[in-house]
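I have a structure here, written as structure tokens, and I will follow up with some questions on it.
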Amino acid sequence: MTGPREDYLDQIRRGGLDLPPELAAAFASVPREAFVPDGFQRRDGSWVHPADPEFLSVVYSDDVLITKVDGRVPISSSSQPSLMALMILGLRVAPGLRILEIGAGTGYNAALLASLGATITSIDVQEDVAVRARAALARAGIAGVRVEHADGYRGVPGSRFDRVIVTVGIGGVSPHWLEQLDPGGFVLAPVVHAGTDPVLRVSGPPEGPVTATPICGAGFMHASGPLGADHPGAFPPPVAAGALTGMSEAAPARFDPPLDDVVYRDLWYAAGCQTRRATHAILPDTEQSRLALLDATGTGGALLLPDGSVLAGGAEAAAYASLAVDILDRWTALGRPPMRAWQVALTRTGDPSSPIWVPDAWSLR
């Protein structure tokens, strides 16, 4: 690699990620710019065009590239490369594997998988996204990928796969994917948990029992239809900025220094294992994402901050502050278990005509 691509791998590795040689070679050889020929939107909302001087330097950064929006809402993108790498590692790719990808995006992820020797069938519910991904793969000279416009919930009836990878946030796992897996196969999917989308490795027969292990924390655009359907016991959706009002300190800081981002996500995951009121909120007067316990009104509850302090507000402030402190106490007493230490049991729920398997119970392994 030369020019803007020189430190691309270093950026992907920056968080301590160990890229095996074959995956490093895939990132080094697949031209990411071929998958964003019309440019992309940055996190700040500005649009970067191919003719812009910074185009290649942003393309070869460890950041998400948003390629389609509905109003102000992103609905298709090229994911953050380091997260893609984590998921590909979690997929345990080997030459010859047949992989079903739910959510084609730009086609870049499928190109990386194909470069590792897998055969990919990629499905996207948005026809224009599927068409562009197909064209990008051809432009980049990538073989071994078939892109289809279809509802990903049903997978590919009549086909068999060794792996399923899902690149969009979902409420639960389709039983059709489990039906289409050969023995020893599994689904790798970001499943909603406490307002975030941690990636789970899910396995089991379509009729159950179905279990999962968390792989890493993540945030994704969310699927619509059966895969994003509401269900009993679902976590509250993320709280809009400014929705939580009258929050004041209810418990002092306990962590010095404050928890770093990775460990804070571990606490966040544990909170979701303890209460279905856990979700994501923006701290008042800031742009910081924080763990919230939301009351029934959606405007009060408690916030757990990285330093261990608790803010609370609303009519049930005392009760939610107490719950927050209990979560902190229990997680600390357990030795601050990482996300990967949990074992997840899933239950079949949702619309009886299009059910999904959703996380229902958690235990430490």
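The values are calculated or read from the model by the stated rules, or taken from the named source; none is laboratory data. Please read all numbers here as calculations on a predicted model, not as lab measurements. Heads up, the Cβs are rebuilt from the backbone with ideal geometry, glycines too, and the neighbour counts pull from every protein chain shown.
Go through region 1-57 and report how many residues are at pLDDT 90 or above and on the phi > 0 side of the Ramachandran plot.
Going through region 1-57 one residue at a time, the tally reaches 1.
Still on this structure: Scanning region 80-112 for residues that are touching a Phe, Trp or Tyr at 6+ places or on another chain (Cβ under 6 Å) and crowded, with 24+ Cβ neighbours inside 10 Å, which turns out nearest to Pro21 (Cα to Cα)?
Tyr108
OK, next. Only one of (1) in contact with a Pro (Cβ under 9 Å, 6 or more places away or on another chain); (2) free of Cβ contacts under 8 Å to residues at least 24 places away in the same chain is not met by Ala138, so which one is it?
Tallying (1) in contact with a Pro (Cβ under 9 Å, 6 or more places away or on another chain); (2) free of Cβ contacts under 8 Å to residues at least 24 places away in the same chain, Ala138 fails exactly one: (1).
Which condition does Ala28 not pass, out of (1) under 21 Å from the mean Cα position of the chain (by Cα); (2) among the hydrophobic types (A, V, I, L, M, F, W, C); (3) not in a loop (DSSP other than H, G, I, E, B), if it passes all the others?
(1)
Is one or more of the residues making up region 113-124 touching a Cys at 6+ places or on another chain (Cβ under 9 Å) and within 30 Å of Gly16 (Cβ to Cβ)?
There is no residue in region 113-124 that is touching a Cys at 6+ places or on another chain (Cβ under 9 Å) and within 30 Å of Gly16 (Cβ to Cβ).
Looking at (1) within 19 Å of Ala136 (Cα to Cα); (2) at pLDDT below 90; (3) part of a loop (DSSP other than H, G, I, E, B); (4) not charged (D, E, K, R), can you tell me which one Ile75 breaks?
(3)
Residues Ala341, Ala271, Ala278: which one is within 23 Å of Ile170 (Cα to Cα), surrounded by fewer than 20 Cβ atoms within 10 Å (Cβ to Cβ) and of a type in the set (A, V, I, L, M)?
Ala341
Just checking, which of Asp351, Asp329, Asp307 is over 21 Å from Val192 (Cα atoms), of a type outside the set (Gly, Ala, Ser) and in contact (Cβ under 8 Å) with a residue 24 or more places away in the chain?
Answer to the selection: Asp307.
Looking at region 199-242, which of its residues are more than 22 Å from Gly155 (Cβ to Cβ), modelled with pLDDT of 90 or more and buried (at least 20 other Cβ atoms within 10 Å of the Cβ)?
Pro214, Gly217, Phe235, Pro236
Let me ask something else. Is it true that Ile356 is of a type in the set (Val, Ile, Thr), more than 22 Å from Gly171 (Cα to Cα) and touching a residue at least 40 places away in the same chain (Cβ under 8 Å)?
No: the conditions fail for Ile356.
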